[in-house]
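One structure below.
Values in this text are rule-based calculations from the coordinates and carry no lab data. These numbers come from a predicted model, not from an experiment. Virtual Cβ from ideal backbone geometry, glycine too; neighbours counted across all protein chains shown.
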Amino acid sequence: MSGPLHFVDRIKRVEEHLRESGLGAMFITPGSDLSYLIGYHAVPLERLTMLVVTPNNDPFLIVPRLERSAALASPFGSTGWDVISWGESDDPYAIITNRLSGLSGTVALDGHMWADRVLTIQMRFPSITFVSAAPIINAIRIIKSPDELDHLRAAAAAIDRVHAQVPLLLGAGRTEREVGRDIADLILAEGHSSVDFVIVAAGPNGASPHHEVSDKVIEVGEPVVIDIGGTMPSGYCSDCTRTYSVGEPSREFMDRYEVLQRAQVLSTQAVHHGAQSHDIDAAGRIELTEHGLGQFFIHRTGHGIGLDTHEEPYIGPDNPTVISSGMVFSIEPGFYIEGQHGARIEDIVICTPNGPETLNKQTRDLVIIPSS
Ligand code: ZN
Ligand code: ZN
């Protein structure tokens, strides 16, 4: 489990980064960065909650009075650092300006802060320059700790248990929406605390990578792309795609699927400490291109995953990011042929010192469900 010590260490690393980059402070509002840094999963509300980290003094957390007990119950509450609550008639921004009265130079704001907060802060600190905190926080979040890797393994196992049951739900005559509802129930039943997305894309709908569900009836011979994910009680996310077929698909689809399967293996095998993002992308993309499918692979190969489903590092062409052990990301090539069909195979992969560790274990073969 992630005790307070863990979070103290993350704050210390932010402080170090602030000193190295000569920043005066970092302000973080509710979201995954706040969860990551102090283990406080605050709901974004109109009332201000803000973590303030400075290079040389203790961090403090500002919360509305009615959130005080929740904040104290989080790991931040046991660090001994200040939790300052404000009442309905107080001005929470005045607490910050008072505590940081000598503040000058540049301050980093979390990348997902609401614009009205940013504008208020700018007004209250007219002589300060603001930059995004994203480069600093992402540089820390991009390398997962052993605890985080275990949370991601558990998330992958949970979504695998859902995929294992998909063949029982798929059948000719059912609509994408009906199948999608059953899958959403299973995502919760298998241990997630929330359903993040359910894509059930049958036949021609498979040609749209982010199609969700529709009232389309699944027909015999149609491939069905199923891309699903949720968030575990730990806060960590799952994301896995498998492609199924209700009855035998066309020969043409099978041939294309075999190429895709090889491409997915090639990109996964290209994962190693020191590899560049674009090399991992190219390994699979070349295979698709050599078989006439390159033009139908219309997205990047993958994205990092952690407390967010999409985070650094991104795996794509022209992306020079150097991959290191401890990074976790998806490998999910696909092909999308408008008016016909589509397919995608997606696994979450850890880059370990010895190469790739694939977290999703369900077969990557096309799963053909008997149509009668
Ligand atoms: Zn996905
Ligand atoms: Zn994904």
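Magnitude of the Cβ-charge dipole of region 146-369, K/R +1 and D/E -1, about the Cα centre, nearest 20 debye?
Working: 15 positive and 34 negative charges, 66 e Å.
For this selection, approximately 320 debye.
Quick one: putting +1 on the C-beta of Lys and Arg, -1 on the C-beta of Asp and Glu, what dipole do you get for region 4-141 around its Cα centre, in Debye to the nearest 20? Each step should come with its number before you reach the end.
Details: 11 positive and 14 negative charges, 28 e Å.
Value, rounded to 20: 140 debye.
In terms of modelled amide H atoms, which long-range or inter-chain residues lie less than 5 Å from the amide H of Ile62?
Excluding prolines and chain starts, which carry no amide H, the hits are Met50, Leu51, Val52, Ile84.
Kindly put Thr231, Thr29 in sequence by how many other C-beta atoms sit within 10 Å of each C-beta, fewest to most. The partial results should precede the final answer.
On the way: Thr231 19, Thr29 22.
Going from least to most buried by this count: Thr231, Thr29.
Hey, got the Cα dimensions of region 110-234 along the principal axes, in Å, largest first?
66, 33, 22
Along the charge dipole of region 146-369, pointing to its positive end and built from +1/-1 on Cβ of Lys, Arg, Asp and Glu, which listed residue (Ile298, Ile337, Gly191) has its Cα farthest out?
The residue sitting farthest along the positive end of the dipole is Ile337.
For Ser69 and Met123, FRET efficiency with R0 = 22 Å and r from the beta-carbon atoms, rounded to 0.05? Write out the running numbers ahead of the final one.
Values: r = 31 Å, r/R0 = 1.41.
Computed FRET efficiency for Met123 and Ser69 comes out at 0.10.
Which shape class, rounded, prolate or oblate, goes with region 176-331 when its Cα gyration tensor gives a ≥ b ≥ c as root eigenvalues, a/c under 1.5 marks rounded, and past that a/b bigger than b/c marks prolate? Intermediate values should be presented prior to the final figure.
Working: a/c = 2.46, a/b = 1.14, b/c = 2.15.
Oblate shape, in that a/c is at least 1.5 and b/c is the bigger or equal ratio.
Might you report the magnitude of the Cβ-based charge dipole of region 206-294 about its Cα centre, with Lys and Arg at +1 and Asp and Glu at -1, to the nearest 20 debye? Don't skip to the end; give the middle numbers.
Details: 6 positive and 14 negative charges, 35 e Å.
Approximately 160 debye in magnitude.
What distance in nm separates the two pseudo spin-label positions at Asp91 and Asp365, each 7 Å out from Cα along the beta-carbon direction?
7.0
Need the C-alpha centroid separation for region 70-147 versus region 217-288, integer Å.
For region 70-147 versus region 217-288, the Cα centre distance is 39 Å.
Using alpha carbons only, what's the Rg to Rh ratio of the chain with Rh from Kirkwood? Intermediate results must be reported in sequence, preceding the final value.
Working: Rg = 23.1 Å, Rh = 22.3 Å.
Ratio of gyration radius to Kirkwood radius for the chain: 1.04.
Which of the lysines could a cross-linker bridge to Lys144, judged by Cα under 20 Å and excluding same-chain residues fewer than eight apart?
Partners within reach: Lys12.
Taking the Cα atoms of region 4-141, report the difference between the largest and smallest coordinate on each principal axis, in whole Å and largest first.
Each principal axis gives a Cα extent; for region 4-141 these are 34, 34, 24 Å.
Sorted from fewest to most neighbouring beta carbons within 10 Å, what does the list His112, His310, His192 look like? Before the final figure, lay out the partial values.
Numbers: His112 17, His310 14, His192 23.
With the fewest neighbours first, His112, His310, His192 line up as His310, His112, His192.
Just want the answer: with Cβ charges of +1 for Lys and Arg and -1 for Asp and Glu, which residue in Gln264, Thr129, Val224 is farthest toward the dipole's positive end in the chain?
With unit charges placed on the Cβ atoms, the residue in question is Thr129.
Given a cut-off of 13 Å, what percent of all Cα-Cα pairs of region 43-111 lie beyond it? Kindly include the intermediate steps, with their values, before the conclusion.
On the way: 1576 of 2346 pairs.
Percent of Cα pairs beyond 13 Å in region 43-111: 67.
Which far-off residues, 5 or more places away or on another chain, put their amide H under 5 Å from the one on Arg174, with H placed in the peptide plane?
Under 5 Å from the amide H of Arg174: Ile218.
Taking the Cα-to-Cβ direction at Ser324 and at Trp114 and moving 7 Å from each Cα, how far apart do the two end points lie in nm?
Placing both labels 7 Å beyond Cα along the Cβ direction yields 3.6 nm.
Considering only DSSP beta bridges where both residues belong to the chain, give the percentage that are antiparallel (nearest 5). The partial results should precede the final answer.
Numbers: 40 of 55 bridges.
Taking every DSSP beta bridge within the chain, about 75 percent pair in antiparallel fashion.
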